[in-house]
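Below is one structure, written out as structure tokens; comments come after it.
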Amino acid sequence: MALYTLVLLVALMRGRPTDYGAWKGLFQNGWMRVATLLFAVSLAWHAWVGVRDIVMDYIKPDGLRLGLQVVTILLLAGYVGWTVQVLWR
């Protein structure tokens with residue numbers, strides 16, 4: 001994770017990528033796609049844990065709590081699926 005961030009920061013500090021072609025070139029590398037996907041999955045997991053804890057602490061009716069957790073899982077899974085679609089299209 002730290003390597004991915006470092007590579008992206010170095011690329012941005014060097015003044016590149018500035019246009020669509022440069023970004024596309026950056027993401028042609030398989031390792032960059034995988035690193036980005038791992039970042040998205042990690043972010044989704046972190047969001048799930050945070051929202052789950054908030055819902056469990058503050059929503060008392062079981063049915064409403066379950067419904068909100070299911071909606072959260074579906075949204076996060078959709079976001080990760082969208083990330084896969086963007087990265088490998």
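Quick note: the coordinates plus some simple rules give every number you see, no bench work behind them. Keep in mind the model is a prediction, meaning the values are calculated, not measured.
Calculate one ³J(HN,Hα) per residue across segment 64-70 by plugging θ = phi - 60° into the Karplus curve 6.51 cos²θ - 1.76 cosθ + 1.60, and present them in order as whole Hz with x for glycine and proline.
In residue order, the calculated couplings are 5, 4, 4, x, 5, 5, 5 Hz.
Step through the residues of segment 42-52 one at a time and calculate ³J(HN,Hα) from phi using the Karplus curve (6.51 cos²θ - 1.76 cosθ + 1.60, θ = phi - 60°), rounding each to whole Hz and writing x for Gly and Pro.
Once rounded to whole Hz, the list reads 5, 5, 5, 4, 4, 5, 4, 4, x, 5, 4.
Could you give the C-alpha radius of gyration of segment 2-87 expressed as a fraction of 2.2 N^0.38 Å, taking N as the number of residues it contains?
Cα-based Rg divided by the globular estimate yields 1.45.
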